[in-house]
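The values are calculated or read from the model by the stated rules, or taken from the named source; none is laboratory data. What you see is a predicted model, and the numbers here were worked out from it, not measured in a lab. Virtual Cβ from ideal backbone geometry, glycine too; neighbours counted across all protein chains shown. Accessible surface is based on the protein model in full, side chains and every heavy atom, while ligands, DNA and RNA are left aside. Shrake-Rupley method; radii C 1.70, N 1.55, O 1.52, S 1.80 Å.
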Amino acid sequence: FYPASPRYAGYLPEKEVKTLDEDILRVAVFVNEEADKMEHTACRYGISVLQLHGNETPDLCREMRMRGFKVIKALGVETAGDFRMLPVYEKSCDWFLFDTKSKKYGGTGQKFSWSLLRAYRGELPFLLSGGIGVEDVERIEEVKENEKFAGVDLNSRFEKVPGVKDTGLLIRFMEKLKH
């Protein structure tokens, strides 16, 4: 729901999203959006998780949790020092999403050095993002050794065009990851 994104979903009919299978966790991505607008959009689409990719404060994250949403706070990673800012978010979010640091708000399709995750000492579980492809399954297995690893955020390498996933590629990736 970030208008500048090639994956912008604000044009989708609410019914299409709301009627998805109950087991599908609906996540909405926002960048520097106001609390009321995020809540309004999430309620319209039946979304329960907000993924925040901008300069959102811990107070805003906490407010959205108080409004009944789960919150994923994205952080661009370039050096181990980038983890120093995370403690102020620990009580305000449910997960962190570690992505490649960029001047843009996510979506670079590039990997950061996953070895930096050894420096993460936080309490919250994290999702891994940034240029992940089918060829990364073995490296992800290494990251999974971190007890705070919660999963992966897959995007550009699994798309036919922005916003349209290649389901065959996703299935191959998930099957490789399971084994």
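Assessment of the stretch 156-177 against the conditions (under 24 Å from Cys93 (Cα atoms) and within 16 Å of the chain's Cα centre (by Cα)) yields no matching residue.
Any residue in the stretch 98-107 that is in contact with a His (Cβ under 7 Å, 6 or more places away or on another chain) and not small (Gly, Ala, Ser)? Yes, because at least one residue in the stretch 98-107 is in contact with a His (Cβ under 7 Å, 6 or more places away or on another chain) and not small (Gly, Ala, Ser). Would you call Arg172 farther than 25 Å from Pro6 by Cα and open to solvent by 50 Å² or more (accessible area, probe 1.4 Å)? When the stated conditions are applied, Arg172 does not pass them.
Sub-9 Å Cβ pairs linking a first residue in the stretch 125-150 that is among the hydroxyl-bearing types (Ser, Thr, Tyr) to a second residue that is open to solvent by 50 Å² or more (accessible area, probe 1.4 Å) and part of a loop (DSSP other than H, G, I, E, B), at least 6 apart or interchain, are Ser129/Asn155, ordered by first then second residue.
Of all residues in the stretch 156-174, one or more are basic (Lys, Arg), assigned to a helix (DSSP H, G or I) and at pLDDT 90 or above. Note on the stretch 72-85: among residues that are of a type outside the set (Gly, Ala, Ser) and closer than 14 Å to Asn32 by Cα, the one that is surrounded by the fewest Cβ atoms within 10 Å (Cβ to Cβ) is Leu75. With respect to Glu135, determine if the residue is acidic (Asp, Glu) and under 26 Å from Gly54 (Cα atoms). So Glu135 does not fit the description; no.
The set of residues in the stretch 86-116 that are farther than 23 Å from Tyr8 by Cα and either open to solvent by less than 10 Å² (accessible area, probe 1.4 Å) or among the acidic types (Asp, Glu) (or both) comprises Leu86, Glu90, Ser92, Cys93, Asp94. Criterion applied to Glu33, Glu63 was being farther than 18 Å from Pro162 by Cβ, out of contact with any strand residue (DSSP E or B) (no Cβ under 9 Å at 6 or more places or on another chain), at pLDDT 95 or above and buried (at least 17 other Cβ atoms within 10 Å of the Cβ), and the one residue passing it is Glu63.
Yes or no: Lys15 basic (Lys, Arg) and either within 19 Å of Asn155 (Cβ to Cβ) or under 16 Å from the mean Cα position of the chain (by Cα) (or both)?
Considered against the rule, which asks whether it is basic (Lys, Arg) and either within 19 Å of Asn155 (Cβ to Cβ) or under 16 Å from the mean Cα position of the chain (by Cα) (or both), Lys15 comes out as no.
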